[in-house]
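Step one of this worksheet: look at the structure below.
The numbers here are math on the coordinates, done by the rules we state, and not lab data. If you're wondering where the values come from, they're calculated on a predicted model, not measured in any experiment. Methodologically, a virtual Cβ is constructed for each residue, glycine included, from the backbone with ideal geometry; neighbour enumeration extends over all protein chains shown.
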């Protein structure tokens, strides 16, 4: 499992780096428009001439982070990406074409301080969804901005069997809008509503703790700090869950190092599928590559 995790993580990071490259044009040197990866303008490594991915199709999805805290399981990490499968229509200055996306997120709780450092539980979360994004607003515009929406299917399971097996399938709608200046201080609101399908035989009372949706609100500033609130309410307004993620950019230009300091507070149920009925409260801190 650990070998597979390292392999998938390396694949994901390599793909995200490649996704930042502009789309290749037929008959054109793929390195012609590439950003200098050496840090020296105009100089590219020889490998930049080798086509290795379908550029522009792989990107970040949910936050990517590694954090550590005083309570067992001490470590928690997550990586996530999405891949564009289909594009419907051609882009215009006023309209972005909608797409069909496949996404995969993996979140693990790791008892790194225990004997043999075992993983406590891991959630595997593939998604297939239709995505419609709004064009960027005019520079300097503030007020209400529609960002777009995602709608589709998601699965979550912990990959275990027998009494430790946990899984769910759901259809979801996830709109997003912003208030304020997207280039400055702003508030992004991302509600999500989902309906379970296919039964919950492994965890029949999951709706009592997960409910039928969640709310995320992110207040922050580009190139500055950001605070994300995630709230979940179980069925019949019971079993409240709150997560706060504070991120602060860290940059060192001399070493070309950029990341985010992340402090995460969790209080509630379902941090892991294995023990979704247990209420926990903890604080962890670490780094976030994507917030």
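Quick look at the numbers
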item: Inter-site label distance for residue 287 and residue 134 at 7 Å from Cα along Cβ, in nm; result: 3.5
item: Relative contact order of the stretch 61-290, pairs being alpha-carbon contacts under 8 Å that are 6 or more residues apart, as %; result: 16
item: C-alpha long axis of helix 2-19 to longest principal axis of the chain, angle in °; result: 40
item: Choice from 46, 178, 75 showing the highest fluctuation, given a GNM over the chain with Cα pairs closer than 10 Å; result: 46
item: All Cα pairs of the stretch 61-290, percent lying beyond 31 Å; result: 26
item: Helix-only CD estimate at 222 nm, as mean residue ellipticity for the chain, using -39500 (n - 2.57) per DSSP H run (n ≥ 4); result: -2500 deg cm²/dmol
item: For the stretch 197-255 versus the stretch 69-124, the gap between their alpha-carbon centres in whole angstrom; result: 13
item: Most fluctuating residue given options 271, 192, 204, as computed from a GNM of the chain linking Cα atoms under 10 Å; result: 204
